[in-house]
Amino acid sequence: MFGCLVAGRLVQTAAQQVAEDKFVFDLPDYENINHVVVFMLGTVPFPEGMGGSVYFSYPDSNGMPVWQLLGFVTNGKPSAIFKISGLKSGEGSQHPFGTMNIVRTPSVAQIGISVELLDSLAQQTPVGNAAVSSVDSFTQFTQKMLDNFYNFASSFAVSQAQMTPSPSEMFIPANVVLKWYENFQRRLAQNPLFWKT
């Protein structure tokens, strides 16, 4: 029903079923994992009105599991990427895996998926820094920032006849700003993460 993917590792599709509605994946060497992808395999959908809350569990200094809510997957949102690298020192949250006797070793973390009502999922609050920004919201932000910058810069535009000589100031032609704006938009449309290279 579920799959789990960590960069540079084989895809895991054989979740350990620890209860009728709860599944776990082991994450060996979890200290070296930054992100994890949890997804539905597409073979078995959730029952109507149900979804899966996704938890990350790592052993604390005493070897006891600390569970943190990452988010959820549903039939309408069958996959999600979560950042887990910053979660290891955080505090745990309420979770449905409490009294289960899940076999684990000290250097192994786990991803837990609990099948729950969609209404219940909507009321849960994932740990703040687990969600990975989607490219769409980043692209929207960048577009708004570009629009704001161009509008701000062009509001100061004056014609050559209106300019007064001022040797201590530099002037940039408005068409240069417009050219930069159009180039940036084009590159952003081709690859929203081009600025990282």
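Below is a table of values for the structure above.
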{"item": "Any hit, segment 42-55, residues being hydrophobic (A, V, I, L, M, F, W, C), buried (at least 17 other Cβ atoms within 10 Å of the Cβ) and farther than 19 Å from VAL115 by Cβ", "result": "no"}
{"item": "Qualifying residue in segment 56-79 (condition: modelled with pLDDT of 75 or more, basic (Lys, Arg) and either within 23 Å of the chain's Cα centre (by Cα) or open to solvent by 20 Å² or more (accessible area, probe 1.4 Å) (or both))", "result": "yes"}
{"item": "Lone unmet requirement of (1) at pLDDT below 80; (2) open to solvent by 80 Å² or more (accessible area, probe 1.4 Å) for THR139", "result": "(2)"}
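The values are calculated or read from the model by the stated rules, or taken from the named source; none is laboratory data. Small disclaimer: the values here were computed from a predicted structure and weren't measured. Note: ideal-geometry Cβ built from the backbone for every residue, glycine included; neighbour counts use all protein chains shown. When the accessible area is computed, the model is the full protein with side chains, heavy atoms only, and any ligands, DNA or RNA have been set aside. Shrake-Rupley method; radii C 1.70, N 1.55, O 1.52, S 1.80 Å.
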